[in-house]
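J.: Below you will find the structure I want to go over with you.
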Amino acid sequence: MESSGELVAFPLLTTPIESNYRACTIPYRFPSDNPKKPTPTELSWIDLFLNSVPSFRKRAENDETVPDAHIKAENFAQRYTELLEDFKKDPESHGGPPDCILLCRLREQVLRELGFRDIFKKVKDEENEKAISLFGDVVRLNDAIDDGAKRVENLIRGIFAGNIFDLGSAELAELFSKDGISFLASCQNLVPRPWVIDDLDAFTLKWSRKSWKKASSIRNAVIFVDNCGADIILGILPFARELLRRGTQVVLAANDLPSINDVTYPELVEIISKLKDENGQLAGVDASNLLIANSGNDLPVIDLTSISQELAYLASDADLVILEGMGRGIETNLYAQFKCDSLKIGMVKHQEVAQFLGGRLYDCVFKFNEVLS
């Protein structure tokens, strides 16, 4: 379903007045802070975005769809750097004080004003093709695990391994450009449990209950997806396939517009069409209950008070909401409350996030909130 019309609040989000919902997990500042002076947290996040400018400039200058890309890429780097430096002088400049949503939005705004629509398109397409070629092997490995709890854990580990493909992280962007990232190696090299937030045992316990094995128990699951390549194809889709096999309708919510290497709605439609066979099956599982929705979002983070009407309609009766990725699941919605069960799944790829959570860089977050009826 394509996005159209006015953005609305996600219907399963607990009423914002009741939950004090704000799409920013880490408090950048408090009411007692001087509004004209940046806080230490604001400064650290401004520096994080400053450190990412060279990798974005490099991607932009190699964008063959934009005339004079090299010059415009330099203009991007200069303009965005100036905006970030302005925040250090006056946090209230440019619509501040800054948070992760504003810092991301300004970056995308500068890129788009200069004519850059999708500077990661080439690498996304390449990684999608690689991951599609591995999809069958990954699901066969999962299907070979007879123990239900162990199979679920393997699927979750696959989500974490895929989520490391994130070119919004300066360190990972550099690693990726040098050596690439192996999905299977990432699965094997995840930080050991317990993770910094680790509710996996509680989730697998509920998953293994008889009631959860019936279609009537999880009628509809909504997954806010993250990156292209291994993330969506080798991480999320095998997990979604397992839900489909249990009789659940699965709604995958993808971005409206490109942002970093996040998968967009049109890209996800194309990926699913390539993975389905002539009978509409996904590696032997009926995929008629797999729906793709345009979330209405255009950033690597998300404010759940502004989603598409189409997604709101499809999600209105969901039993399970999943927010995947550091931007959606950790940085903006880790503490978001829902009217149904929810999962926040993501790898910690910024030192600032690891420090806030009391974990390690590349630690894993698996936060399960069960709503008792």
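J.: Name the one entry in S44, S55 that is open to solvent by less than 50 Å² (accessible area, probe 1.4 Å), modelled with pLDDT under 95 and in a helix (DSSP H, G or I). Walk me through how you get there before you give the answer.
T.: On the way: S44 fails: modelled with pLDDT under 95.
When all the criteria are applied, what remains is S55.
J.: Can you name every one of the strands (runs of 3 or more DSSP E) wholly within region 254-373 that holds 1 or more residues which are acidic (D, E) and over 14 Å from the mean Cα position of the chain (by Cα)?
T.: Correct list: 341-347.
J.: Right, something else. Can you tell me which residue is surrounded by the fewest Cβ atoms within 10 Å (Cβ to Cβ) among those in region 62-85 that are touching a Lys or Arg at 6+ places or on another chain (Cβ under 8 Å) and either polar (S, T, N, Q) or part of a helix (DSSP H, G or I) (or both)?
T.: T65
J.: When I159 is evaluated against the numbered criteria (1) in the same structural domain as N189 (by the TED database); (2) surrounded by fewer than 19 Cβ atoms within 10 Å (Cβ to Cβ), which criterion, by number, is the only one it fails?
T.: Failed condition: (2).
J.: Within region 294-307, identify whether any single residue is surrounded by fewer than 20 Cβ atoms within 10 Å (Cβ to Cβ) and either more than 18 Å from G5 (Cα to Cα) or of a type in the set (S, T, Y) (or both), and answer yes or no.
T.: yes
J.: Let me ask something else. From the list E108, E126, which one is in the same structural domain as I159 (by the TED database), of a type in the set (D, E, K, R) and under 23 Å from the mean Cα position of the chain (by Cα)?
T.: Every option except E126 fails the conditions.
J.: Considering only residues that are of a type in the set (S, T, N, Q) and part of a helix (DSSP H, G or I), look in region 4-41 and name the one that is nearest to D118 (Cα to Cα).
T.: T41
J.: A further question follows. Is it the case that T264 is in contact with a Pro (Cβ under 8 Å, 6 or more places away or on another chain) and either under 17 Å from S295 (Cα atoms) or at pLDDT below 95 (or both)? Give the steps one after another, and end with the answer.
T.: Details: in contact with a Pro (Cβ under 8 Å, 6 or more places away or on another chain): yes; either under 17 Å from S295 (Cα atoms) or at pLDDT below 95 (or both): yes.
So T264 passes the test.
J.: Test each condition in (1) open to solvent by less than 20 Å² (accessible area, probe 1.4 Å); (2) over 27 Å from E153 (Cα atoms) for D262 and report the one that comes out false.
T.: (2)
J.: Condition first: open to solvent by less than 40 Å² (accessible area, probe 1.4 Å), part of a helix (DSSP H, G or I) and in contact with a His (Cβ under 7 Å, 6 or more places away or on another chain). Can you find one or more residues in region 90-108 that meet it?
T.: There is at least one residue in region 90-108 that is open to solvent by less than 40 Å² (accessible area, probe 1.4 Å), part of a helix (DSSP H, G or I) and in contact with a His (Cβ under 7 Å, 6 or more places away or on another chain).
To keep it simple, each residue is scored yes or no on (1) in contact with a helix residue (DSSP H, G or I) (Cβ under 8 Å, 6 or more places away or on another chain); (2) over 22 Å from F160 (Cβ atoms); (3) in contact (Cβ under 8 Å) with a residue 60 or more places away in the chain.
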| position | (1), (2), (3) |
| --- | --- |
| W207 | yes, no, no |
| N220 | yes, yes, yes |
| V225 | yes, no, yes |
| A230 | yes, no, yes |
| S273 | no, yes, no |
| E278 | no, yes, no |
| A283 | yes, no, yes |
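J.: Determine whether region 182-193 contains at least one residue that is assigned by the TED database to the domain that holds S133, within 19 Å of the chain's Cα centre (by Cα), modelled with pLDDT of 95 or more and surrounded by 14 or more Cβ atoms within 10 Å (Cβ to Cβ).
T.: For region 182-193, residues assigned by the TED database to the domain that holds S133, within 19 Å of the chain's Cα centre (by Cα), modelled with pLDDT of 95 or more and surrounded by 14 or more Cβ atoms within 10 Å (Cβ to Cβ): absent.
J.: Given the conditions (1) of a type in the set (D, E, K, R); (2) in a helix (DSSP H, G or I); (3) surrounded by 15 or more Cβ atoms within 10 Å (Cβ to Cβ), which single one is not true for D118?
T.: Here D118 clears every test but (2).
J.: Same structure again: Regarding region 97-119, can at least one residue be identified that is over 26 Å from C228 (Cα atoms) and not basic (K, R)?
T.: Yes, there is a match, as at least one residue in region 97-119 is over 26 Å from C228 (Cα atoms) and not basic (K, R).
J.: Report whether or not F49 is surrounded by fewer than 16 Cβ atoms within 10 Å (Cβ to Cβ), farther than 30 Å from I272 by Cα, among the hydrophobic types (A, V, I, L, M, F, W, C) and not assigned by the TED database to the domain that holds Q337.
T.: No: the conditions fail for F49.
J.: Same structure again: Has region 91-99 got at least one residue that is touching a helix residue (DSSP H, G or I) at 6+ places or on another chain (Cβ under 7 Å) and under 30 Å from V222 (Cα atoms)?
T.: Yes.
The values are calculated or read from the model by the stated rules, or taken from the named source; none is laboratory data. Note that the coordinates shown come from a computational prediction; the quantities given were computed from them, not determined experimentally. Quick reminder, even Gly has a Cβ in these numbers, built from the backbone with ideal geometry, and neighbours come from all protein chains shown. Ligands, DNA and RNA are excluded from the accessible area calculation, which covers all protein heavy atoms including side chains. Shrake-Rupley method; radii C 1.70, N 1.55, O 1.52, S 1.80 Å.
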